[in-house]
Amino acid sequence: MKQTKQMSETHLLAILLAVVGGFLDAYTYICRGHVFANAQTGNIVLLGLHLTNQDWKKAFYYFVPILAFVLGILICETIQTFFKWKKAIHWRQLVVLLELICLIFAGFMPLGKADTLVNVMVSFVCALQVEAFRKMNGNSYATTMCTGNLRSATENLYRYLETKNKHCLKNSLQYYNVIVFFIAGAAVGSCLTLRMGAHAVWVSCIGLLAVFLAMFHSRQEKEA
């Protein structure tokens, strides 16, 4: 039977990726120098603050993950351009594999001196993820930040209250669900990071591995 929806756009993958996103944000904030490596808004604000204070060292510290995020977007688009029509493997699976490699390597980096490098790697990973997975059941969303999801969830809720359109209610609940799982990922990430330290990032790889396997299984079924 022909599939009408890509696995990469399913609600299941959205919540798995949201857990990973929340986990990584908690990880970098707790044990990697209080940097939000997922959404760059906080880093941009802190960059501006330290530039104003002429604290060039701290300004550079927050500029580096922003630059890594930009690089991640460029790399993701490059992967899509060169591998979009390859049959052997989906380009999004390559993106997930690259994420896994980066996070596994990050787990070996010691706390303290290597924090800047790890934050760069996590920012890079989050850029790959947010660029590669942008649709959930046809709707735009994000797995590494919540502001846009919160806006979309509440907007759809208002539309449901106004029109009683159940499709709007479904969209709203799915957006809120992604936010809940992001929070859950942050909570788990906080607990495990406090217990495991630098190695805690490896736990987030479980979610990415599940995403990779789900996409692989879906591709196999589609070709069968």
* Asked: Within the bounds of the range 130-143, is there any residue that is among the acidic types (Asp, Glu) and without any contact (Cβ under 8 Å) to a residue 12 or more places away in the chain?
  -> no
Residues in the range 120-163 that are more than 21 Å from residue 189 (Cβ to Cβ) and polar (S, T, N, Q) total 7
Checking 74, 111 in turn, the sole residue that is without any contact (Cβ under 8 Å) to a residue 40 or more places away in the chain, over 21 Å from residue 13 (Cα atoms) and either basic (Lys, Arg) or surrounded by fewer than 18 Cβ atoms within 10 Å (Cβ to Cβ) (or both) turns out to be 74
Among 209, 173, the single one that is surrounded by 14 or more Cβ atoms within 10 Å (Cβ to Cβ), free of Cβ contacts under 8 Å to residues at least 24 places away in the same chain, part of a helix (DSSP H, G or I) and touching a helix residue (DSSP H, G or I) at 6+ places or on another chain (Cβ under 9 Å) is 173
Taking first residues from the range 1-13 that are within 14 Å of residue 92 (Cα to Cα) and second residues anywhere that are modelled with pLDDT under 85 and in a helix (DSSP H, G or I), the pairs with Cβ under 7 Å that are 6 or more apart or on different chains are 7/218; 13/7
Of the residues in the range 148-168, those that are surrounded by fewer than 16 Cβ atoms within 10 Å (Cβ to Cβ) and assigned to a helix (DSSP H, G or I) come to 148, 150, 151, 154, 155, 158, 161, 162, 163, 166, 167
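The values are calculated or read from the model by the stated rules, or taken from the named source; none is laboratory data. The structure presented is a predicted model; accordingly, all values stated were derived computationally and were not measured. Because the Cβ atoms are built from the backbone with ideal geometry, glycine has one as well, and the counts that use them run over all protein chains shown.
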